[in-house]
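The values are calculated or read from the model by the stated rules, or taken from the named source; none is laboratory data. Small disclaimer: the values here were computed from a predicted structure and weren't measured. Here Cβ is always computed from backbone atoms with ideal geometry, including for glycine, and neighbour counts include all displayed protein chains. For accessibility, only protein heavy atoms count, side chains too; no ligands or nucleic acids. Shrake-Rupley method; radii C 1.70, N 1.55, O 1.52, S 1.80 Å.
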Amino acid sequence: AEDDYYMNLDEPYRAANRPLADVTELRLVRGVTAEIYERLAPFVVVLPVTTAVNVNTAPLEVLMSLGPGIDRGTAEILAGARDVQPFQTVDAFTGFPMLVGRPLLGDGLSTRSDWFALRMQAEAGASILSARALLARSGPEQVQIVARTQGFFDVD
């Protein structure tokens, strides 16, 4: 049924009905306007596996999405606390005095990251080389490149 909507657009396409391969695909989802995409894109990521949110590095907006009990003021206090002393465990985070008794996500939280985005840009004369890489930690001292893109752009 959803194909009817997408096939009747000015530039028609079929619904993918699969996990996203890149964050930019959000722009193809019905109801996601350019404004919504611009606000959402800095806070979402597309990875090949389900991944927990690292409460020690999550931006304020992501902390606020962890439950209705976390408003901006609470998120700012949590961020300030983790800057002084990172949360060693998820229980330490959920047991933070301001969070006790507030509804939070039950699963999907962590105090470490195994996925990293690397963005690079180099300028040489009238050209710019831009590259991105998705890195995954596969062991204590092992990191592998999962995906990468690059491109040359002329500077006007």
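Determine whether ARG18 is out of contact with any helix residue (DSSP H, G or I) (no Cβ under 8 Å at 6 or more places or on another chain), in a helix (DSSP H, G or I) and among the basic types (Lys, Arg). So ARG18 fails the test. Applying a threshold of 7 Å to beta carbon distances and a minimum spacing of six or more residues, or different chains, the list of pairs starting in the stretch 91-114 at a residue that is assigned to a loop (DSSP other than H, G, I, E, B) and ending at one that is open to solvent by 50 Å² or more (accessible area, probe 1.4 Å) and at pLDDT below 90 reads PRO103/PRO68. Restricting attention to the stretch 61-77, and to residues there that are outside any helix (DSSP H, G or I) and either open to solvent by 60 Å² or more (accessible area, probe 1.4 Å) or out of contact with any helix residue (DSSP H, G or I) (no Cβ under 6 Å at 6 or more places or on another chain) (or both), which single residue is farthest from ALA41 (Cα to Cα)? Selected residue: GLY69.
Within the stretch 104-120, the set of residues being under 19 Å from THR74 (Cα atoms) and exposed (fewer than 11 other Cβ atoms within 10 Å of the Cβ) comprises GLY106 only. Pairs linking a residue in the stretch 13-35 that is without any contact (Cβ under 8 Å) to a residue 12 or more places away in the chain and open to solvent by less than 90 Å² (accessible area, probe 1.4 Å) to a residue that is of a type in the set (Phe, Trp, Tyr) and assigned to a helix (DSSP H, G or I), with Cβ atoms under 8 Å and 6 or more positions apart or on different chains, do not occur.
Filtering the stretch 77-94 for residues that are among the charged types (D, E, K, R) and within 28 Å of ASP22 (Cα to Cα) leaves an empty set. The residues listed here are GLY80, GLY95, GLY101; of these, the one that is surrounded by fewer than 15 Cβ atoms within 10 Å (Cβ to Cβ), over 19 Å from the mean Cα position of the chain (by Cα), modelled with pLDDT under 90 and farther than 25 Å from THR149 by Cβ is GLY101.
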